[in-house]
1. From the backbone phi of the stretch 7-12, what are the Karplus-calculated ³J(HN,Hα) couplings (6.51 cos²θ - 1.76 cosθ + 1.60, θ = phi - 60°) in whole Hz, Gly and Pro given as x?
2. Just going by the charge dipole of the stretch 2-79, with Lys and Arg at +1 and Asp and Glu at -1 on Cβ, which of SER52, HIS26, PHE67 is farthest out on the positive end?
3. Sort ILE5, ILE58 so the one with the fewest other Cβ atoms within 10 Å of its own Cβ comes first.
4. Once fully extended, how much extra length lies between LEU35 and LEU9, figured as 0.36 nm per residue of separation less the alpha-carbon to alpha-carbon distance?
Amino acid sequence: MIVEIELTLISIIQGVALTVLIENAHGIVAERQILFWPYLFAGLLVIFVFWSRAVLHIITVILRRRFYRHRLDSLRLRSSSDPRPNAR
């Protein structure tokens, strides 16, 4: 559930950022103001960097949850397989 909420929030933020960038870029590209194009590319790069960091964060949340669940399950199996502490 947390992952879905994070993905939704990221999608909304990215959509708003891209909308603002596209609205401002339309006039610059239509009027061929080449002087301002590096700023457009820099803005697009910032949006992509934010998006990639957010996606990497979500991936680490998912993997961390799987890793700890696996470790917890292995500890449960190890402790429940032999009730004696030093049995060999």
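Readers should treat all values here as calculations from the given coordinates under stated rules, not as data from a laboratory. Everything quoted here is computed from the prediction, not taken from an experiment. Here the Cβ is made from the backbone with ideal geometry for all residues, glycine too, and neighbour counts use every protein chain on show.
1. Each residue of the stretch 7-12 in turn: 5, 5, 5, 5, 5, 5 Hz.
2. PHE67
3. The fewest-first ordering by Cβ neighbours comes to ILE5, ILE58.
4. Full extension from LEU35 to LEU9 adds 6.0 nm.
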